[in-house]
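**Student:** Please see the structure below; I have some questions.
Every number here is computed from the coordinates shown, using simple stated rules; none is lab data. Quick caveat: nothing in here was measured; it's all calculated off a predicted structure. Neighbour counts are summed over all protein chains in view; Cβ atoms, including those assigned to glycine, are modelled from backbone coordinates with ideal geometry.
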Amino acid sequence: MPKTPLLDTTNTPHDLRKLEARQLRQLSDELREEMIDAVGQTGGHLGSGLGVVELTVAIHYVFNTPDDRLIWDVGHQAYPHKILTGRRDRIRTLRQGGGLSGFTKRSESEYDPFGAAHSSTSISAGLGFAVANKLAGTPGKAIAVIGDGAMSAGMAYEAMNNAEQAGNRLIVILNDNDMSIAPPVGGLSGYLARMVSSSEYLGLRSLASRMANKLSRRVHRSLGKAEEFTRGMVTGGTLFEELGFYYVGPIDGHNLDHLVPVLENVRDADEGPVLIHVVTQKGKGYAPAEDASDKYHGVAKFDVITGKQAKSSGGPPSYQNVFGETLAQLANTDERICAITAAMPSGTGVDKFAAAHPTRSFDVGIAEQHGVTFAAGLAAQGMRPFCAIYSTFLQRAFDQVVHDVAIQNLPVRFAIDRAGLVGADGATHAGSFDVTYLSTLPNFVVMAAADEAELVHMTYTAACHDSGPIAFRYPRGAGTGVALPTTPERLPIGKGRVVKEGTKIAVLSLGTRLGEAMKAAEQLEAKGLSTTVADMRFAKPLDTDLIERLMRSHEMVVTIEEAAIGGLGAHVLTFASDNGLTDNGLKIRTMRLPDIFQDHDAPEKQYDEAGLNAPQIVDTVLKALRHNSAGVEEARA
């Protein structure tokens with residue numbers, strides 16, 4: 001007789017907690033199937049969510065969410081959590097325009113107490129929630145779920161070092177899905193975890209501690225070390241104990257008979273803070289994900305039966321691969337070139353470099369701060385390091401960029417991937433700010449590639465640039481389809497290029513808006529407005545000769561860039577003002593990303609919303625000219 005479906009009647013954790021413990025296995029199986037089907041239709045992060053299905057069910061079953069605050073590190077593994085917290089009816093809008101975010105988001109649900117899409121923030125945030133409740137004298141625990149990869153970031157340990165302030169209100173669940181910390185777990189380790197988290201054990205431990213306090217300090221310290229050594233031999237966790245956590249684990253994160261009792265013991269314990277070490281399998285329960293090398297970490301839409309992803313075939317190469325392959329070729333003849341990435345070798349193209357030059361490729365883990373300073377050390381010793389990091393992640397290392405690179409004028413090369421708007425990943429992953437925050441720094445050179453051929457030239461230019469730090473940015477996804485140069489060109493620093501010559505309107509483009517600028521120029525020409533289009537190439541230093549020539553010979557200048565305010569447009573305006581170039585009535589307009597955090601959507605729709613496509617360029621020009629004409633008529637009257 002078929003079982004009655006449970007997920008259909010489990011809309012919230014309140015419904016979940018009405019189930020009997022023996023029903024949780026069935027609910028988990030249904031939840032996993034629902035997630036696979038949904039992500040098959042939308043694409044997104046799959047493997048990480050599959051690995052925490054049982055853990056998600058167990059946490060919501062044991063703890064009183066949302067009063068107990070559940071914080072998912074990064075948030076990309078929270079799809080099962082979203083389904084169980086009243087969002088199942090919208091789960092197939094995941095990462096679509098107007099739909100659910102691919103990460104946790106405070107404005108989306110009361111069950112998302114803290115938004116996250118960058119790594120290693122959960123313990124710090126959880127500590128904040130826990131201490132706030134403690135200070136207010138209100139009930140409620142904070143549960144931070146952090147992956148073993150996220151534990152490679154120093155911020156996690158900074159938080160743990162202060163966690164004793166939270167007492168028993170903070171629970172950290174270390175989701176070890178790569179077997180990188182613990183050996184395989186089984187019945188014995190599950191039994192030990194239940195034992196050391198039980199009230200009987202903790203009560204006996206507390207009694208022993210009180211008795212030991214009456215002994216001499218030397219004996220007390222020896223007894224403590226003996227217990228630590230004994231528990232460390234059978235369960236591990238000595239590092240976490242040193243940081244002030246009571247360690248429980250490792251336990252099988254897919255065995256609900258182990259998970260639920262341990263979580264209940266920890267929930268009811270006076271001990272704290274506690275770290276529970278859970279071992280899971282990324283991609284669990286879906287054979288194509290389990291068999292894939294990346295466990296289907298991030299996927300396009302796919303066929304649920306076969307697992308085949310609906311990725312387009314052919315077409316232009318991706319920017320990241322153009323960079324990786326170009327750098328690998330340059331390194332064939334330059335032994336000083338090396339590459340650093342922060343846990344994103346395939347995402348940045350560094351995997352291409354690593355395949356050819358494994359001893360000169362370094363994945364530092366989720367540790368952007370270390371990666372930048374490591375690169376600075378390499379540069380100071382005469383190497384030519386390329387630090388390949390997404391724009392949004394480089395923000396995490398801004399102090400190191402300033403203090404360890406720029407002030408010392410060290411020739412670190414920054415290959416900034418995912419520049420501009422990035423589509424389905426939304427505001428948290430948009431590369432909006434790098435032009436602004438790098439162009440303010442003395443000694444920096446900042447470039448932006450208009451297409452993949454320009455990226456080849458800029459990679460080579462950076463390799464040759466030994467007089468200080470240099471950065472070049474490029475977007476996510478496929479290139480424009482231009483032919484790649486067989487021999488890279490070393491670009492003159494601070495010099496742009498004119499790609500179309502006109503007489504009335506000048507469009508100064510930085511980055512891949514060049515294609516839209518050319519479309520706009522054609523439309524303006526059709527209206528009788530002769531238009532120059534310049535690819536500035538450099539946000540810093542500016543090509544002041546080119547800018548001044550165009551400003552003196554045109555009626556209007558428009559700057560356009562895929563970056564926030566403070567970038568190319570701001571620097572052009574400052575230059576024009578300082579040199580009196582607007583004194584003769586020159587019209588200047590700057591086009592850049594709006595002063596908002598844009599939600600996820602298709603990239604072309606995001607740029608349309610941002611007002612950075614050809615129609616908006618044309619509209620900007622026409623409005624300015626109409627305004628100018630109206631002003632002239634008013635003056636004559």
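**Student:** With r defined as the distance between the Cβ atoms of Glu110 and Val499 and R0 fixed at 41 Å, what FRET efficiency is calculated, to the nearest 0.05?
**Tutor:** Computed FRET efficiency for Glu110 and Val499: 0.20.
**Student:** Between Ala287 and Asn64, what length in nm is gained on full extension when 0.36 nm per residue of separation is reduced by their alpha carbon distance?
**Tutor:** Taking 0.36 nm per residue and subtracting the Cα distance, the gain is 77.0 nm.
**Student:** Let me ask something else. At a Förster distance of 45 Å, what's the computed FRET efficiency of Asp595 paired with Thr93, Cβ-Cβ distance as r, to 0.05?
**Tutor:** It comes out at approximately 0.95.
**Student:** Mind checking the range 85-181 for GluC sites (Glu not before Pro) that DSSP puts in a loop (not H, G, I, E or B) and that have at most 14 other Cβ atoms within 10 Å?
**Tutor:** When the GluC sites (Glu not before Pro) of the range 85-181 are filtered for loop state and at most 14 Cβ neighbours within 10 Å, Glu110 remain.
**Student:** Take the Cα atoms of the range 320-473, build their convex hull, and give its volume per residue in Å³.
**Tutor:** Values: hull volume 14.6 nm³, N = 154.
Cα convex hull per residue, to the nearest whole number: 95 Å³.
**Student:** While we're on this one: Return the calculated 222 nm mean residue ellipticity for the chain, to the nearest 500 deg cm²/dmol, obtained by summing -39500 (n - 2.57) across DSSP H runs with n ≥ 4 and dividing by the residue count.
**Tutor:** When only DSSP H runs of four or more count, the value is -12000 deg cm²/dmol.
**Student:** What does a probe at Asp399 reach in the range 347-384, counting residues whose amide N is under 16 Å from the point 7 Å along Cα→Cβ?
**Tutor:** Of the residues in the range 347-384, 367-374 have backbone N under 16 Å from the label point off Asp399.
**Student:** How long is the gain from Gln165 to Thr359 if the chain were fully straight, where each residue apart is worth 0.36 nm and the alpha carbon distance is subtracted?
**Tutor:** 65.5 nm
**Student:** Given the Cα atoms of the range 542-620, and with Rh set as the inverse mean 1/r over their pairs in the Kirkwood sense, what is Rg to Rh to two decimals?
**Tutor:** Numbers: Rg = 14.0 Å, Rh = 13.7 Å.
Rounded to two decimals, Rg/Rh equals 1.03.
**Student:** Can you tell me the order of 74-85, 595-606 when each peptide is scored by its average per-residue count of other Cβ atoms within 10 angstrom, highest first?
**Tutor:** Taking the mean over residues of other Cβ atoms within 10 Å, the ranking is 74-85, 595-606.
**Student:** Can you give me the P(r) profile for the range 497-636? Cα pairs, bins 5 angstrom wide beginning at 0, each as a whole percent.
**Tutor:** With a bin width of 5 Å, the distribution comes to 2, 10, 21, 23, 21, 14, 7, 3, 1, 0.
**Student:** Oh, and also: Rounded to two decimals, what is the ratio between the C-alpha radius of gyration of the chain and 2.2 N^0.38 Å?
**Tutor:** Working: Rg = 28.1 Å, N = 637, 2.2 N^0.38 = 25.6 Å.
Normalised by 2.2 N^0.38 Å, the Cα Rg of the chain equals 1.10.
**Student:** When the Kirkwood hydrodynamic radius is evaluated over all pairs of different C-alpha atoms of the range 488-569, what value in angstrom, to one decimal, is obtained?
**Tutor:** On the way: mean 1/r = 0.0778 Å⁻¹.
This gives a value of 12.9 Å.
**Student:** I need to check one value: relative contact order of the range 320-473, counting alpha carbon pairs closer than 8 Å and at least 6 residues apart, in percent.
**Tutor:** Once divided by the residue count of the range 320-473, the mean separation gives 23 percent.
**Student:** Related question: Hey, can you rank 426-437, 488-499 by average C-beta count inside 10 Å, highest first?
**Tutor:** 426-437, 488-499
**Student:** Quickly rank 36-44, 509-517, 369-377 as a protection proxy: mean count of other C-beta atoms within 10 Å, highest first. Don't skip to the end; give the middle numbers.
**Tutor:** Numbers: 36-44: 20.6, 509-517: 25.0, 369-377: 22.3.
Top to bottom by mean Cβ count within 10 Å: 509-517, 369-377, 36-44.
**Student:** Taking a label point 7 Å from the Cα of Ser467 along the Cα→Cβ vector, which residues of the range 432-461 have an amide N closer than 19 Å to it?
**Tutor:** 439-448, 458-461
**Student:** Work out from phi, with θ = phi - 60° and the Karplus expression 6.51 cos²θ - 1.76 cosθ + 1.60, the ³J(HN,Hα) of each residue of the range 325-340, listed in order in whole Hz, and give x for Gly and Pro.
**Tutor:** 6, 5, 5, 4, 5, 5, 6, 4, 10, 9, 6, 7, 6, 9, 10, 10
**Student:** Please compute the modelled spin-label separation between Glu335 and Asp303, points set 7 Å along Cα→Cβ, answer in nm with one decimal.
**Tutor:** Modelled inter-label distance: 5.0 nm.
**Student:** Restricting to bridges with both residues inside the chain, how much of the DSSP beta-bridge set is antiparallel, in percent to the nearest 5?
**Tutor:** Antiparallel bridges make up about 15 percent of those DSSP assigns within the chain.
**Student:** Once R0 is set to 25 Å, what does the formula 1/(1 + (r/R0)^6) return for the Cβ-Cβ distance between Thr582 and Lys527, expressed as a FRET efficiency to the nearest 0.05?
**Tutor:** For Thr582 and Lys527, the calculated efficiency is 0.55.
**Student:** Could you list the residues of the range 1-21 with an amide nitrogen less than 12 Å from a label point located 7 Å from the Cα of Asp37 in the Cα-to-C-beta direction?
**Tutor:** Once the point is set 7 Å along Cα→Cβ of Asp37, 5-8 turn out to lie under 12 Å by backbone N, inside the range 1-21.
**Student:** Normalised radius of gyration for the range 37-119, please: alpha carbon Rg relative to 2.2 N^0.38 Å, two decimal places.
**Tutor:** 1.00
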